[in-house]
1. Once you put a point 7 Å from the Cα of residue 18 and another 7 Å from the Cα of residue 263, both along the Cβ direction, what distance in nm separates them?
2. Are any of the pairs 160/269; 107/269; 107/129; 42/269 more than 29 Å apart by Cα-Cα distance, and if so, which?
3. Charges on Cβ only, +1 for Lys and Arg, -1 for Asp and Glu, centred on the Cα centroid of the chain; of 38, 87, 433, which one is farthest towards the dipole's positive end?
4. Give, rounded to the nearest 20 debye, the magnitude of the charge dipole that the chain has about its Cα centre when Lys and Arg contribute +1 at Cβ and Asp and Glu contribute -1 at Cβ.
5. From the helices alone, meaning DSSP H stretches of at least four residues, give me the mean residue ellipticity at 222 nm for the chain, per-run term -39500 (n - 2.57), in deg cm²/dmol to the nearest 500.
6. So for the chain, taking the charge dipole from beta-carbon charges (+1 Lys/Arg, -1 Asp/Glu), which of 138, 165, 323 sits furthest toward the positive end?
7. Just name one of 383, 342, 497: the one whose Cα is farthest towards the positive end of the charge dipole of the chain (beta-carbon charges, Lys/Arg +1, Asp/Glu -1).
8. Take the stretch 268-463, drop everything but the C-alpha atoms, weight them equally and run the Debye formula without solvent; then report log10 I(q)/I(0) at 0.09, 0.10 Å⁻¹ to two decimals.
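Derivation of every value follows stated rules applied to the coordinates shown; laboratory data play no part. From a predicted model like this one, the values you see are computed outputs, not experimental measurements. FYI the Cβ positions are ideal-geometry reconstructions off the backbone, even for glycines, and counts take in every protein chain you see.
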Amino acid sequence: MKTPLELVLAPEHADDQATWRAQAALQLGVPVETITAVQVCKRSVDARRAPVRIRLQVEVCTGEPAAPLESPRPEYRPVRGDRRVIIVGAGPAGLFAALRLIELGVKPIVVERGKDVQARRRDLAAIHKQGIVDPDSNYCFGEGGAGTYSDGKLYTRATKRGNVAGVLRTLVAHGAPPDILIDAHPHIGSNRLPIVVTALRESIRRAGGEVRFGTRVIDLACDAAARVCGVIAADGVELTGGAVILATGHSARDIFHLLQARSIRLEAKPFAMGVRVEHPQPLIDRLQYHTARRDARLPAASYRLSTTVDDRGVFSFCMCPGGFIVPAATAAGEVVVNGMSLSRRDSPFANSGLVVAVEVADLDEYGAHGALAGLWYQRALEGLAAAVAGGAQRAPAQRLTDFLARRASVALPGCSYRPGLTPAPLHELLPAPLAERLQAGIRRFGQTLRGYVTEEAVLVGVETRTSSPVRVPRQPQSLQHPEAPGLYPCGEGAGYAGGIVSAALDGIRVAEAVALASHQ
Ligand SMILES: Cc1cc2nc3c(=O)[nH]c(=O)nc-3n(C[C@H](O)[C@H](O)[C@H](O)COP(=O)(O)OP(=O)(O)OC[C@H]3O[C@@H](n4cnc5c(N)ncnc54)[C@H](O)[C@@H]3O)c2cc1C
């Protein structure tokens, strides 16, 4: 028999099975010897008040063993290739679409402009050390997509969009730690993500799918019936199949320009922009865990903050406890920041995006660019950040307290951003609607989290790529573009996902729609 229970434990007993059993026996009123196993279903840190506790949702087994957490790697049955589909982009949307197509008997051909995860590392090092950005291989482009060298946070609000647990199990089957199946806030870390991404690629290839690197798509190919059936790569090679899944992410600006030039309808959509804030991690630990020093058994503390200022959301975004601020630009002459962390989340810094919602109504100044107005707004800010900071991926930065006081920073605190910081008046650099809302929002955050507004915190600009500023429309049932049959917009870039898991879910959903259509 299995009985669901909640156990509340001090951090020192969080992994102690004897304590679990004793507490479970007490709650159930049964002798401890009758408990054969305690299976953890969900684990969370409860830091709402001191002392911090670990909460475990468990199933207490009496008379039967617990099922193991590990997920074996699925055996994907080989595909023959009589039905094939082109997938543009090897991010989570593209990779999960490919695996689902294989399960449905369709051969995927994944084309990716960037390099495989290992080769990609060298290009990331060049960004950090020399400030050189390869436009095809960077923090956004390359195998695994934008999420490969990230924090690898896997929580999502998109629980109604598909089988989240199934995505996590697939990741575990390909090398992610089984803990992600039970943690309330699962994350993998950018030291482990490349191993998982490599294993996903191996599964695709072993089953007869193709994954081609260094293949930048520059155009679409259509059949005699004007149906999108393939792509043309920068080297002139044409690849065709029954359909094209476009999963190119939020930074593939050339793809948005291509669609616009081909009169394939696009729509502007809301997104968010702002800066990244970095605090010393021990400070965030103190604020969140209510103690002078974090218990080593607790994870680096995180936070999530949000408010509304003058009708626009102001919120923390993609928080990376124990992480690093990274240069996420995709071209020279622009500066874009984001965050990542290793699986242990043990850097001395805590960073997070602090962003303001940008609605389509806010884009008047860039209205001449039509559906790409938001893209040009991002671009303007990124170019300004690069020009002010002085190049080589240096980023403009300001002490958080100076930003609020509207004064220049004379010196900056230590920061994890490796290309270097240039003191700059972000309060003047950011457009007033962003700067003023951010200031009001941060003041409120300082009231919610006393100590958050501190001399020790630094703001680094600019965080512009929170999500796609463009939507590529698709029909609700067939998921094809309404005016370009055969073209399946997919994932974050097309406006249907925001994060690793939701992009993977969208990839699965689109693959199912494509497979269904190819049977009709
Ligand atoms: C530094 C960083 C940290 C992040 N941290 C997290 C996190 O912790 N958790 C989370 O959920 N999300 C995180 N994100 C966001 C997450 O990575 C994205 O939401 C997710 O990767 C979107 O998946 P996707 O497959 O839709 O697109 P992408 O992952 O962007 O993949 C698109 C792929 O298409 C390729 N491509 C683009 N244009 C072309 C072309 N013309 N031809 C061929 N290929 C092309 C790109 O090279 C890329 O590999 C982070 C992003 C960054 C940049």
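1. So the label points at residue 18 and residue 263 sit 7.7 nm apart.
2. 107/269; 107/129; 42/269
3. The Cα lying farthest towards the positive end belongs to 38.
4. Details: 60 positive and 51 negative charges, 87 e Å.
Dipole magnitude for the chain comes out near 420 debye.
5. -8500 deg cm²/dmol
6. Ranked along the dipole, the leading option is 165.
7. Towards the positive end, the residue furthest out is 342.
8. Each listed q corresponds, in turn, to -0.31, -0.39.
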